[in-house]
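I have placed the structure first, in the form of structure tokens, so that the comments after it can refer back to it.
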Amino acid sequence: MKVTMETKTNDSAEVKSPAENGQTLDTVHWSVSDVACYFRGRGFEVEANAFQDQEIDGKSLLLMTRNDVLTGMKIKLGPALKIYEYHIKPFQARHLNNAA
């Protein structure tokens with residue numbers, strides 16, 4: 001189930017992820033576009049493109065290991081570490097807590 005909202009800014013459409021819309025949709029339901037929008041919204045434009053190129057959706061995101069992000073995504077080390085530690089790990093922990 002993909003939930004997105006388009007808003008117009010300077011005549012260009014911007015698609016927001018469920019998290020950016022303030023919805024509580026579990027990450028597991030995010031589409032590839034939702035994942036990319038989430039990272040773009042956090043200032044990781046180049047890295048968001050890598051997630052989109054690799055077709056990482058919410059389910060895939062929750063299964064990613066640190067090594068996947070650091071070596072498999074072909075993104076710079078600094079952003080890769082931040083993405084994994086401050087975004088992916090908390091998503092995984094939240095998902096596990098919700099499943100329990």
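Laboratory data are not the source of any read-out in this text; all were calculated from the coordinates shown. All values reported here derive from a predicted model rather than from experimental measurement. Cβ placement follows ideal geometry from the backbone for every residue including glycine, while neighbour counts extend to all protein chains displayed.
Considering (1) assigned to a helix (DSSP H, G or I); (2) surrounded by fewer than 14 Cβ atoms within 10 Å (Cβ to Cβ), the lone condition that GLY43 does not fulfil carries the number (1). Which of the residues belonging to region 55-100 are in contact (Cβ under 8 Å) with a residue 60 or more places away in the chain and surrounded by 12 or more Cβ atoms within 10 Å (Cβ to Cβ)? Answer for region 55-100, where residues must be in contact (Cβ under 8 Å) with a residue 60 or more places away in the chain and surrounded by 12 or more Cβ atoms within 10 Å (Cβ to Cβ): PHE91, ARG94, HIS95.
Scanning region 48-91 for residues that are part of a helix (DSSP H, G or I), within 13 Å of THR27 (Cα to Cα) and within 11 Å of the chain's Cα centre (by Cα) gives GLY58, LYS59, SER60, LEU61, LEU62, HIS87, ILE88, PHE91.
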